[in-house]
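Asks: Starting off with a structure, shown below.
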Amino acid sequence: VASFILLLVLLAVLIAFEVVRELYIKDGDAKGVGEVVFSQIQISVAIFSALTFQIMNRDLALFST
């Protein structure tokens, strides 16, 4: 349960970062740097999501036996 809540928090941070990036970083400014950071955050969230779902599936398998 805690890992699922952490996943939701990370997704909320990801969405908030995208909103702030679109609103406050104009084209031609440091948007390229923001996009690199954003892509790194996306990769981190994807890896964490995969690990979280593996843990959740393992826990469900343990409870179902």
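We did not get these values from a lab; they are worked out from the coordinates using the rules stated. As the structure is a computational prediction, the values presented were derived from the model and not from experiment. Using ideal geometry, Cβ is built from the backbone for each residue, glycine included, and neighbour counts are taken over all protein chains shown.
Asks: Kindly state, to the nearest 0.05, the FRET efficiency for A16 paired with N57, given R0 = 25 Å and r defined as their beta-carbon distance.
Replies: Numbers: r = 28 Å, r/R0 = 1.14.
Result of the calculation: an efficiency of 0.30.
Asks: Can you put L6, L14 in order of Cβ neighbours within 10 angstrom, beginning with the fewest? Working shown, then result.
Replies: Numbers: L6 12, L14 15.
Ordered by Cβ neighbours within 10 Å, fewest first: L6, L14.
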